[in-house]
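**Student:** Okay, here's the structure, questions in a sec.
The values are calculated or read from the model by the stated rules, or taken from the named source; none is laboratory data. These numbers were taken from a predicted model, which means no experiment stands behind them. Positions of Cβ are backbone-derived with ideal geometry, glycine not excepted, and every protein chain shown enters the neighbour counts. Keep in mind that these areas ignore ligands, DNA and RNA; they rest on the heavy atoms of the full protein, side chains included. Shrake-Rupley method; radii C 1.70, N 1.55, O 1.52, S 1.80 Å.
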Amino acid sequence: RKYLTEDEQEVTMEDPLTLAIAALEQPGQRVSFCSRFLVGSKKSAGDLWRAFTESEHALGDVQDESPSKANEPIAAAVCVSFKLKRGQHSTAKFSLSWDMPVVRFGTGVGVYRRYTRFYGRGGDAAPAMAVDALGSSDSWAAQVSEWQRGVLEDPQLPSYYKSGLFNELYYVAAGGSVWADDVVEAEGVQRNLVWYHPTTGGPDPDREYGHYLYLESLEYLMYNTYDVHWYASFALVMCWPRLQLSLQRDIARATLLNSWDFERGHAALSDSLSDLTTSSESLRSTLTRTRDDVSAAGKRRDWKILATGRKSYRKVIGCV
């Protein structure tokens, strides 16, 4: 994918990605697989379906690791087969995983996802993740149930409140969220990190727990908008307090970036937390509303926050 850097240079980044599907073979069940078939081919997909419906061994353990050609979509499949008599039941367990260790923003700056601390940064950990999910999913479900039990069994709390407390947490993971561990070194990409104090140059105080970013919404593509975070911060404080502290420190460090545009008469954070570069247009000790717009086209669109002297302005939240 191509990115436009801070100095308006186009760079191409190719980051690793692997996907995996797996199934747990349990007593009385047999797992089979087909590692490659053509998605758009009636013959290839038809052969797969016939093997699935006609063969006792379902997919026949077809091992084909040849890469796809240009514009040739390929896929893989796994199957769990078992026989049941009337009145019997059985449960088949599958897992799906993907390992995309690097997240990149519009200027090409990349961060490693938090899980890479445990699975490595090579982009080949999807099979290990799938296996871990198969072996640990029952334990994960039990821990979630125990975590929710105190609220769900409280007779003084109305049902709508219980539902809201848990169901709305989906956005912590699904809101374009990035739980970052470290920054990717890349040639040609500027990286003046907000994470490392611009004056002291000291170590990142949140290195142990990482940094968390999430979109204002899937329609407003801005990370860590601080006025909206005021409403959402309760979830982080109660469930992940170290991430809330990390986010607060990121915002505080951003206010130490100091410059003023006298010609246009306004202050702005045109780059900041989501592309992790220090801003060239920020007013020291001013807390701006927006962080960065990461447009779907991969190009950054700068938001300008007026501080004084104009009627047409976005808002400055406050000063510290």
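**Student:** If a residue must be more than 18 Å from LEU213 (Cα to Cα) and either without any contact (Cβ under 8 Å) to a residue 60 or more places away in the chain or open to solvent by 60 Å² or more (accessible area, probe 1.4 Å) (or both), how many such residues does region 97-132 contain?
**Tutor:** Matching residues across region 97-132 total 10.
**Student:** Something else about it: Output the residues belonging to region 95-125 that are in contact with a Phe, Trp or Tyr (Cβ under 9 Å, 6 or more places away or on another chain), in a loop (DSSP other than H, G, I, E, B) and not hydroxyl-bearing (Ser, Thr, Tyr).
**Tutor:** Residues satisfying the conditions are PRO101, PHE105, GLY106, GLY108, VAL109, ARG114, ARG121, ALA125.
**Student:** Output the number of the condition that LYS83 fails; it satisfies all remaining conditions of (1) of a type outside the set (Phe, Trp, Tyr); (2) open to solvent by less than 70 Å² (accessible area, probe 1.4 Å); (3) outside any strand (DSSP E or B).
**Tutor:** Failing condition for LYS83: (2).
**Student:** A follow-up question, please. What's the number of the only condition in (1) open to solvent by 40 Å² or more (accessible area, probe 1.4 Å); (2) among the β-branched types (Val, Ile, Thr); (3) out of contact with any helix residue (DSSP H, G or I) (no Cβ under 9 Å at 6 or more places or on another chain) that VAL62 fails to meet?
**Tutor:** VAL62 satisfies every listed condition except (3).
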